[in-house]
Amino acid sequence: MPEQHDDLVLALGELGERLDLLPGDPVAAAVGRIRTPQTSSSRDRPPRRAIPRTRRVVMAAAAALLVALAAVLVAPGSRHAVARWLGIGSVTVTYTGDVPVAAGRAYELGIPVPLAQAVERADRAGWRLATPSGAGDPAGAFVGRPVGGVNLAWAPSDELPEIGDSGIGLLLTAMPGTTDAGGVSKQATRGTTVQLVRVGDNPAYWIAGEPHEVVITDAEGDLVHDSSRLAGNTLVWTEGDVTYRLESALDRDEAVDLASTLRPLS
Amino acid sequence: MDAYASLLRLHEGAARRRALVVCGSAGEADEAAQDGFVKAWYGLAGFRAGAAFRPWLLRIVANEARNRRRSAGRRAGYELRFAEDRASGGAAPSPEAAVLAAHRRRTLGAALAGLPTAQRDVVACRYLVGLDEAETAAVLGLPRGTVKSRAARGLARLRDLLPERIEIGGIGDA
């Protein structure tokens, strides 16, 4: 994507969010047609003849397997931070170096902007961008991917080992939206594990292993899909009305410690 | 069946948007999405284990939308409509700002409608629906290189189609 079109890409993303869909429910309508094919219109071509029971079982099993892979994780409990499970600040990171803009492009992090501009965009959209104070200032800020979200990247250092050969030591994605309305799911592969942990008093998900996809329920109730960028281990949690995803090469406890230092930027 | 409905809910928004940018009509798009969901169910047993479900589903829905668009022919107009501004936690936009933002959206939507179909498909998948390059390639059945080049050409053409004096930045900021 040529850089000269960055503004156009942002505008298109915002346009996509506002595509005016009808209030109908095509999912319910489709499920109704599948359940009662004999009353459906002729456009349901597949069930010309009765579907054998074995085939129906295979279809149901395939759907169930896909949903199991989507692994919806419901986050229970209070969202008010009262106490923390784990110590805070045991990971202290001193930032040195830069995240090359090329890394942002290579991993489709969005459009590079000054950090202040990312903070301002979040403010204008009605949410506060926060970063883990234990990581110091990020080396790069990117907006627009996912739409409405912000990616902050830190350079690799002794405390933040490089994630693969990405040129990035820590990636924080902040998205307005919550994970506790049945919204967080993960399209796992066989090499992925998920553990329920806590960041402060908030439920969080530690996703380790293969790349995965996170689904967030945004402020309008729509589901937003976002794929892991760097195939690093990922911690996902919600603070207030914002969902954060921290991707790094840190182990679980280090990542949770770092996430616990989340502070709003102003 | 409940499992399938749950699965569809995860991808419903992307599927409806994908159908809409192909059809250019919200009503036709929902019909196409519905048909696509039904077809996907009957094709589920043939879904390759380990493959990504979303591009597979969106491809089926997009085919349905394309068929509808084709059968509607020239009598059907292509017009994307956009939701009005809604206050989201902050102050509501001023009436003037809302009118300007709506105008910018309509202008960009009209320019998008003016793109050749092949470029519009790629631009819509990548930037309106929010698919990445690999997903777009899978949905459209194109090599990634083609997606990349069509996206670049589509964006350049889109900019040419926009009036020079319109500022596209801040389209949602009114």
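Checking each residue in the stretch B:1-53 for being surrounded by fewer than 22 Cβ atoms within 10 Å (Cβ to Cβ), among the basic types (Lys, Arg) and touching a residue at least 24 places away in the same chain (Cβ under 8 Å) picks out only B:LYS39.
Criterion applied to A:VAL199, A:VAL214, A:VAL194, A:VAL113 was being at pLDDT 85 or above and touching a strand residue (DSSP E or B) at 6+ places or on another chain (Cβ under 9 Å), and the one residue passing it is A:VAL199.
Within the stretch A:141-159, the residues that satisfy the criterion of being farther than 21 Å from A:ALA11 by Cα and surrounded by 24 or more Cβ atoms within 10 Å (Cβ to Cβ) are A:ALA153, A:TRP154. Taking the stretch B:111-155 as the range and being of a type in the set (A, V, I, L, M) and either farther than 16 Å from B:ARG59 by Cα or surrounded by fewer than 17 Cβ atoms within 10 Å (Cβ to Cβ) (or both) as the test, the residues that pass are B:ALA111, B:LEU112, B:ALA113, B:LEU115, B:ALA118, B:ALA134, B:ALA151, B:ALA152, B:LEU155.
Kindly state which helices (runs of 4 or more DSSP H) lie completely within the stretch B:49-148 and contain at least 2 residues that are at pLDDT below 85.
Details: elements: B:53-72, B:95-113, B:117-123, B:133-140.
Per the criteria, B:53-72, B:95-113, B:133-140.
Among all residues of the stretch A:169-186, there is none that is surrounded by fewer than 24 Cβ atoms within 10 Å (Cβ to Cβ), modelled with pLDDT of 55 or more and assigned to a loop (DSSP other than H, G, I, E, B). Does B:ALA40 qualify as being in a helix (DSSP H, G or I), modelled with pLDDT of 85 or more and over 25 Å from A:LEU12 (Cβ atoms)? It is true that B:ALA40 is in a helix (DSSP H, G or I), modelled with pLDDT of 85 or more and over 25 Å from A:LEU12 (Cβ atoms).
The values are calculated or read from the model by the stated rules, or taken from the named source; none is laboratory data. A quick note: this is a predicted structure, and the numbers were derived from the prediction, not measured. All Cβ positions, even for glycine, are placed from backbone atoms using ideal geometry, and neighbour counts span all protein chains on display.
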